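Report on one structure; see the data block that follows.
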Amino acid sequence: MSADVTKAEPPSGDPGTDRTGAVDPVAQQGPPVGGMPSRQGGLAGFLSGPLGRNAGLVVALVLLIIVGIITAGDRFASPENALTILRLGSVIGVVSVGMTFVICGGGIDLSVGAIVALSSVWATTVATQTLAADFHWIVMVFAALAVGGVCGLVNGVLIAYGRIAPFIATLAMLAAARGLAEIIAKRRTQIIRDRDFINFFGGSVLGIPVLVILFAIVAVVGWVLLNRTTFGRRTLAIGGNPEAARLAGIRVQRQTMYLYILLGVACGIAAVMIMARTTTGTSTHGTLYELDAIAAVVIGGTLLSGGRGTVVGTVLGVLIFTTLTNVFTLNNLDTSTQAVAKGAIIVAAVLLQQRVSRTRST
Amino acid sequence: MTGVVKRFPGVVALGGVDLDVQRGEVHCLLGQNGAGKSTLIKVLAGVHEPNEGTIEWEGEQVTLSHPQAAMDLGVATMYQELDLVEGLSVAENIFLGHEQTRFGFSQRSTARRAAAALLARLGHSEISPAVEVGTLSAASCQIVSMARALSLDAKLIIMDEPSAVLDAGEVSQLFRVIREITDQGVAVIYISHRLEEIREIGDRVTVLKDGRTVTTGLDAKTTPTQELIRHMTGRSIEYVFPPKPEVPAGEPLLRVEGLGRTGEFSGVSFDVRPGEVVGLAGLVGSGRSEVVETIFGARKATTGTVTVDGRVVRPGSVPAAVSAGIGLCPEERKSQALVLGASLASNISLASLARFSRAGLLDRDGENTSAEELLESLDVRPRGIHRESRTLSGGNQQKVVLARWLLRGCRVLLLDEPTRGVDVGARSEIYALIRRLTDDGVAVVVVSSEIPEVLGLSNRVLVLADRTVRHEGRADELDEHAVLDIILKGDAA
C-alpha cells in the first residue's frame, strides 16, 4: 500500500460528494476552446469564423480578378465578360448548391454529371419535344426535373435504406445514367426545335441572363433552406452526428433520401439550363460535373465529413473556378494548365480546412 | 510496480496502485467498473505512461513509453475489446507487428506452420491459420488473441476478461493453457468479474477501488467471498443524494412487459409510476444499455411490449417512442447524444424542431429564447447558446442533453450512465435535477454501473445479470454488497 500517493482527488469513475473537494465545473474543463472565433487569435482563428472563411474566399476571388485585369486588361474587365463568367458558372453553380446539401448531410454524389446528361437527353427526345410542341415547352422542363428527381430518389433509397455507401451507390448511378442517356439518344446530339424554350432561358431580364437569375434563385433558396429551416437543421444534424440525430427522434434515413432527391432535382434544373445554353440535349452534357461541384463545395468551406456547410462559400467556390477558367482562356492557356491550377487550389483549400478543424478540436 | 499514478486531464484514473507479480503465478485483479483496471493494464502495456510511481521488471526500473517497449520486455496483453485486424488471416494476426524479427522474411508458410503449432498448443487446431479473422466467432477470436500473446514469447501475459465471450468448455480449455504456461514460468495477470474463476485459476488477488490498491496478495483460494466484496465496495467517500419522497400509488406511466432481444437480453418486465425512479444495476455487458435502447426504439424488440400511459409504443421506432413522450440520454454522450460541432441551441432543439417550425421555416428567436432559459435554469456553464457543444465539460454536456428532453417535455426519461465522466460538483446537480423532474411527475429509469448511484437515486431497483433480471426490489432494502452478491452469483451461474 502506498499511502503517500493515495491522497489524490477522486477519480472520475467513482464520484464522491466531498463538498470541500468539489471542483468548480467551469474550472475543471481546461482552457476554453471553440465558440467565438476571437479567442483563437491569429489567422487560423479568424478564418474559422463563418465570416472569416468566406472573407478568405472573397480575397482569393479579388486576387484572381486582379490577375485577370493585369493579364487580359479590358477583355477581362468588361460587363460582357462578367456576365459570361456568371453564365458559365450558373449551370455548375446550381449543381454545386445541391451538392452542398448532400455533403452537409454526410454523403457524396458522384452521379450528378450523368444525371444532368440523362435529364437533358430525356427532355429532348422526339417524343418529349412532340408533346412540348403540342402543349408547351414547360413539358421539357418538367421532364428534366422529373428525371433528375427520380435518379436522386434511386440514389437516396439505395443509400438510406439499402445501406450502400454513397460513394458506391452514386458511382453505379454515374455509370448507369450516362449509359442510359447514350441508349436513349443513340449517341446522337438532339437539337431543340422549340424556339420559345431557347428564347426564354437564353434571354435576359433587365440585361441579366435568365440563367444567371436562375442560379441566383437557387442559391438564395438553398441558403434559406440550409440556414433558416428545420430541413436544414436536420441536414446538419445527420451530417454532424447521425447516431445523435437518430436518438433525438430524427428520421435519419428519410432525411438522407430527401437530400439526394433535392440534388437530383437541382441536376434537372442544371440540365434545363445547359439545354438552353447549347440548344441541345446529349449524353456528353455534364461530363466531370461531379468533380467540379465537389471541388467548389469543398473550397467553399463545407466539411467533407458533413455537419457544417455554407451555401455562400459554395457560390464563391464556383465563381473562383469559373473566373479562373475565364482568365486562362483569355490568356490562351490550354485546359491542361487550368486543370493543374484547379488541382493546386483544391489542395490548398483542403489543407487550410484541416488546419481550421484542428484548431477547433484542440 | 509501486505507487503508480495515472492522471488524465481533469481526472485521476489511477491514484496509487501497488502490484507485484511473481514468475509463474496467476495474479487476479478484482474491482468494479471504473476502479481503474483497464487503465492499469494500459500502463503495463505501455499505452499510457504513468505520471508518478515506478515499474520494476526483474529487479530493474523500466520505463514503458510505448507498446513496443512493453512487448520487447516480454509483456503481452489481451485486451477486452479484441484488437485483431478482421481483414487479415489468423496467422497474419498472430504475428502482426513482429513478423520480421522472427523470420527475417515474412514467409507465409512458415508463419502458418508456427501459427498452427500455437493453436494446437491451445487445443484449437481446428482453427485454420489461413482463414480470415473476420469470419471467426468471438470465442475463436479470443483464442487467436491468446495465440498472439504466446507468440511473443511473453514472460507476462495480461488477460482482460478473457472468459467473457467463452462458454464453460472453452473456459476450461483456457485454464488448461494458463496452467501450462505458468508451469513454464510465465506470469499471468487475470481479470474477471467471475469469482468462481478466480478461485479456480488464481493464486493471489489484488483488489482495486477508485484507482487505488485496496489490498494486494490475498490468497485466491481461501479468502472468503464476503471479504473480497467488502474490499471492492468499502468506500472512503460518501454519496449525497436528494431525499426520495414516497411515490403515490397509481397507474404506471411506463410499463415494460416481457421485453427481449435475441442474443442481448430477455424477459425484462417492470413498470414505472409518475414521479418514480427505477434503477437498473448490472455490470458492463449485462444488457442494461440494450434494455433502455430497446425501450426507446433504437433497437427493435424481438419480444414483449412497451406501454406508455396505456398505449403500446410501436417497437423499433425512435420517432414513435419520442412522440409517446419517451426521452433517452444515451450512454455515450459524445458519439450518441451530441452534435459536437453544432451550437448548444441547436443541440437542445434537436428533438423539438417541429415546435420551432413555421411552415418549415425555423423560428430562431423562439429556439434561442428557449435554449437560453434552459441553460440558465440548469446552470450550464459557460452559457452562450452559440457555443459549440464540444467545448463543454462532461457534466455540462450532460445537462445540455437533459435540456433537450426537458424542452421536448417528455414524460418518461431514460438515463443511461447519467454521470459517467461528470465531475463531483456537477454530479450532485444532476442528481438534484433528476429529483426535480420526478417532482413534476416524470417517470425516470436510471442505468448506472455505479451501484451506490443506482441505490441512491432510485425508489426501486432491478438487478441485471446474465442478460436478464435477477432481482427486483425496493432500493432501501438493498445495499451495495447485496447487489454485487446477486450480480456475481448470477454471473457464476
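The values are calculated or read from the model by the stated rules, or taken from the named source; none is laboratory data. Predicted model only: the values in this text are computed from it and were never measured. In this analysis, Cβ positions are derived from the backbone assuming ideal geometry, glycine residues included, and neighbour counts consider all displayed protein chains.
Take B:A130 and decide whether it is surrounded by fewer than 19 Cβ atoms within 10 Å (Cβ to Cβ) and hydrophobic (A, V, I, L, M, F, W, C). Yes: the conditions hold for B:A130. Does segment B:317-328 contain at least one residue that is touching a residue at least 40 places away in the same chain (Cβ under 8 Å), on the phi > 0 side of the Ramachandran plot and within 12 Å of chain A (Cβ to nearest Cβ)? Looking for residues that are touching a residue at least 40 places away in the same chain (Cβ under 8 Å), on the phi > 0 side of the Ramachandran plot and within 12 Å of chain A (Cβ to nearest Cβ), one finds at least one in segment B:317-328, hence yes. Per the conditions (1) within 13 Å of chain A (Cβ to nearest Cβ); (2) more than 18 Å from B:P330 (Cβ to Cβ); (3) crowded, with 19+ Cβ neighbours inside 10 Å; (4) of a type in the set (A, V, I, L, M), the sole criterion not satisfied by B:A432 is (3).
One residue stands out in segment B:173-212 among those that are part of a helix (DSSP H, G or I) and modelled with pLDDT under 80: the one that is nearest to the chain's Cα centre (by Cα), namely B:L195.
Listed by position, the helices (runs of 4 or more DSSP H) inside segment A:108-195 whose residues that are among the small types (G, A, S) and more than 21 Å from the chain's Cα centre (by Cα) number at least 3 are A:126-134, A:166-185.
Within segment A:245-290, the set of residues being of a type in the set (G, A, S) and over 21 Å from B:S352 (Cβ atoms) comprises A:G264, A:A266, A:G268, A:A270, A:A271, A:A276, A:G281, A:S283, A:G286. For B:E367, the test of being assigned to a loop (DSSP other than H, G, I, E, B), under 22 Å from A:R246 (Cα atoms) and of a type in the set (D, E) is failed. The single residue among B:R358, B:R390 that is more than 19 Å from B:L413 (Cα to Cα) and either more than 9 Å from chain A (Cβ to nearest Cβ) or surrounded by 22 or more Cβ atoms within 10 Å (Cβ to Cβ) (or both) turns out to be B:R358. Among the residues of segment B:275-300, which ones are in a loop (DSSP other than H, G, I, E, B) and either under 14 Å from the mean Cα position of the chain (by Cα) or surrounded by fewer than 23 Cβ atoms within 10 Å (Cβ to Cβ) (or both)? Answer for segment B:275-300, where residues must be in a loop (DSSP other than H, G, I, E, B) and either under 14 Å from the mean Cα position of the chain (by Cα) or surrounded by fewer than 23 Cβ atoms within 10 Å (Cβ to Cβ) (or both): B:G275, B:G282, B:L283, B:V284, B:G285, B:S286, B:G287, B:A298, B:R299, B:K300. Of all residues in segment A:224-237, one or more are of a type in the set (S, T, Y) and within 17 Å of the chain's Cα centre (by Cα). One residue alone among A:L304, A:L324 is aliphatic (A, V, I, L, M) and part of a loop (DSSP other than H, G, I, E, B), and that residue is A:L304. When residues in segment B:445-475 are screened for being farther than 21 Å from B:V422 by Cβ, out of contact with any helix residue (DSSP H, G or I) (no Cβ under 6 Å at 6 or more places or on another chain) and modelled with pLDDT under 85, 1 of them pass. Residues of segment B:346-355 that are surrounded by 24 or more Cβ atoms within 10 Å (Cβ to Cβ) and either more than 9 Å from chain A (Cβ to nearest Cβ) or assigned to a strand (DSSP E or B) (or both): B:I348 alone. Consider segment B:185-219 and keep the residues that are without any contact (Cβ under 8 Å) to a residue 40 or more places away in the chain and under 16 Å from B:Q22 (Cβ atoms). The one that is farthest from the other protein chains (Cβ to nearest Cβ) is B:D219. Among residues of segment A:227-243 that are at the interface with another protein chain (Cβ under 7 Å from one of its Cβ atoms) and free of Cβ contacts under 8 Å to residues at least 12 places away in the same chain, those with a Cβ under 9 angstrom from a residue that is hydroxyl-bearing (S, T, Y) and surrounded by fewer than 20 Cβ atoms within 10 Å (Cβ to Cβ), sequence gap 6+ or separate chain, pair up as A:T229/B:S357; A:T230/B:S357; A:E243/B:S335. Within segment B:301-316, being surrounded by fewer than 17 Cβ atoms within 10 Å (Cβ to Cβ) and either more than 14 Å from chain A (Cβ to nearest Cβ) or outside any loop (DSSP other than H, G, I, E, B) (or both) holds for B:T302, B:T303, B:T305, B:T307, B:D309, B:G310, B:R311, B:V312. Residues in segment B:158-172 that are surrounded by fewer than 17 Cβ atoms within 10 Å (Cβ to Cβ) and not hydrophobic (A, V, I, L, M, F, W, C) were compared, and the one that is farthest from the other protein chains (Cβ to nearest Cβ) is B:G169. Could you please find all residues in segment B:410-426 being within 11 Å of chain A (Cβ to nearest Cβ) and part of a strand (DSSP E or B)? Of everything in segment B:410-426, those that are within 11 Å of chain A (Cβ to nearest Cβ) and part of a strand (DSSP E or B) turn out to be B:L414, B:D416.
The requirement of being over 28 Å from the mean Cα position of the chain (by Cα), acidic (D, E), assigned by TED's automatic domain parsing to the domain that holds B:V454 and not in a helix (DSSP H, G or I) is satisfied by B:D379.
Within segment B:5-32, restricting attention to residues that are in contact with an Asp or Glu (Cβ under 6 Å, 6 or more places away or on another chain) and modelled with pLDDT of 80 or more, the residue that is nearest to the other protein chains (Cβ to nearest Cβ) is B:E25. Does at least one position in segment B:430-444 carry a residue that is in contact with a helix residue (DSSP H, G or I) (Cβ under 8 Å, 6 or more places away or on another chain), within 19 Å of B:E290 (Cα to Cα) and in contact (Cβ under 8 Å) with a residue 24 or more places away in the chain? Yes, the conditions are met somewhere in segment B:430-444. If you go through segment B:361-382 and keep only what is at negative phi and at the interface with another protein chain (Cβ under 10 Å from one of its Cβ atoms), you end up with B:L361, B:L362, B:D363, B:R364, B:E367, B:V380, B:R381, B:P382. Please state which one of A:V67, A:V62, A:V97 is assigned to a helix (DSSP H, G or I), modelled with pLDDT of 85 or more and crowded, with 19+ Cβ neighbours inside 10 Å. Answer to the check: A:V97.
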